[in-house]
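Notes follow the structure.
No value in this document is a laboratory result; all are computed from the given coordinates. Note that the structure is predicted; figures quoted are calculated from it, not measured. Every residue, glycine among them, receives a Cβ derived from its backbone with ideal geometry; neighbour counts consider all protein chains shown.
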Amino acid sequence: MVSIFQPDFEGDWDAAGQPIAEASSNALFGAGGYVDLRLSRWVQLEAEGRWLRFNQYSNIHEDNYLAGPRLPVYRFRKATVYGKVLGGFSKMTFDSYGDHGRFTALAFGGGMDVKVTRRLSIRALDVEYQYWPEWGNSTLSPYGASVGVGYRIF
């Protein structure tokens, strides 16, 4: 999948040396992968990894590693609309000096998958709002969207 995300950090620091959460003028772009495990019609799990490394401002970039339940909300023809709640961690590099950290991340989102063939599907849209509860002396709320292609193995 390919993604575009608002990192919620512009590169500003307060007087105490803590990063300040604020909307960035540069969206991050990147690639990622996802795995969906369907145990039954209503019991599904999703895991995703995302590496947002392009269009960096001051060397600011993020990596996300998240997993959790996925709920198919509505199915019509070959399309499935779903919601998801994921948890895990994210890594962020803050500046050109290599300052970085690993943070707990929660993600709330949803999207639509469209089945093309028995094995091939298109992730037409996947939107996600993330919440990082402990980020310096504050919280962080990146958000973004992804599109991609899925291939069914089993």
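Quick look at the values:
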| read-out | value |
| --- | --- |
| Order of Leu71, Leu140 under a 10 Å beta carbon neighbour criterion, fewest first | Leu71, Leu140 |
| Unit charges at the beta carbon, dipole of the range 2-151: most positive-side option, Gly32, Thr139, Tyr74 | Tyr74 |
| Cα centroid separation - the range 131-151 against the range 1-29, whole Å | 11 |
| Cβ-Cβ FRET estimate between Tyr74 and Ala31, R0 fixed at 25 Å, reported to 0.05 | 0.30 |
| Ile122, Ile153 arranged by Cβ crowding within 10 Å, fewest neighbours leading | Ile153, Ile122 |
| The chain - percent relative contact order, Cα under 8 Å, separation 6 or more | 20 |
| Rounded FRET efficiency, nearest 0.05, which uses the C-beta distance separating Ala15 from Arg53 and R0 of 30 Å | 0.50 |
| Along the chain, longest interval not containing exposed trypsin sites (Lys or Arg not before Pro), exposed being DSSP loop plus at most 12 other Cβ atoms within 10 Å | 1-40 |
| Sites Tyr129 and Arg41 - FRET efficiency at Förster radius 22 Å, r taken between beta-carbons, to 0.05 | 0.25 |
| Taking Phe154, Phe103, Phe54 and counting other C-beta atoms within 10 Å, the order from fewest to most | Phe154, Phe54, Phe103 |
